[in-house]
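What follows is one structure encoded as structure tokens, with my remarks underneath.
The values are calculated or read from the model by the stated rules, or taken from the named source; none is laboratory data. Quick caveat: nothing in here was measured; it's all calculated off a predicted structure. In this analysis, Cβ positions are derived from the backbone assuming ideal geometry, glycine residues included, and neighbour counts consider all displayed protein chains. Note: areas computed on protein heavy atoms with side chains; ligands, DNA, RNA excluded. Shrake-Rupley method; radii C 1.70, N 1.55, O 1.52, S 1.80 Å.
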Amino acid sequence: IVHFESEWRVYVEDNEIKSIHYYQGDPTIFPNVKRINNMLESFDGPCCYALDVGELNGYTSLVEFNDFYSLGNYGLFPEDYAQMLIRRWKELKNVH
């Protein structure tokens with residue numbers, strides 16, 4: 001069992017960070033954005049997804065990957081959330 005000092009949801013669109021939002025733990029311990037970008041560079045994901053990342057002893061680690069079609073909104077602007085959800089559903093259904 002790992003107890004992260006803080007956890008954050010990273011919303012990703014077209015493999016770029018769209019927004020980062022606090023999830024739980026200490027909100028003053030922000031994740032390392034360079035490390036997150038390194039994660040994105042090594043992953044060829046769908047058009048829209050989220051990474052949950054956690055801080056542990058000064059190191060940003062991946063907690064889990066979440067496909068956008070099935071994740072909750074933790075602070076993303078509602079319009080952005082809806083647009084990204086629609087994009088992902090269209091991608092899943094091969095509708096362009």
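From the set of residues in region 8-43 that are within 21 Å of Arg87 (Cβ to Cβ) and part of a loop (DSSP other than H, G, I, E, B), which is least open to solvent (accessible area, probe 1.4 Å)?
This residue is Asn15.
Restricting the search to region 47-60, which residues are crowded, with 17+ Cβ neighbours inside 10 Å and either free of Cβ contacts under 8 Å to residues at least 40 places away in the same chain or in contact with a helix residue (DSSP H, G or I) (Cβ under 7 Å, 6 or more places away or on another chain) (or both)?
Cys48, Tyr49, Ala50, Leu51, Val53, Thr60
Restricting attention to region 61-96, and to residues there that are basic (Lys, Arg) and closer than 21 Å to Leu40 by Cα, which single residue is surrounded by the most Cβ atoms within 10 Å (Cβ to Cβ)? Lay out the reasoning, then the answer.
Here is the first cut: in region 61-96, the residues basic (Lys, Arg) are 87-88, 90, 93.
Then keep just the ones that are closer than 21 Å to Leu40 by Cα; that gives 87-88.
Working: Arg87: 16, Arg88: 20.
Only one residue tops the list, namely Arg88.
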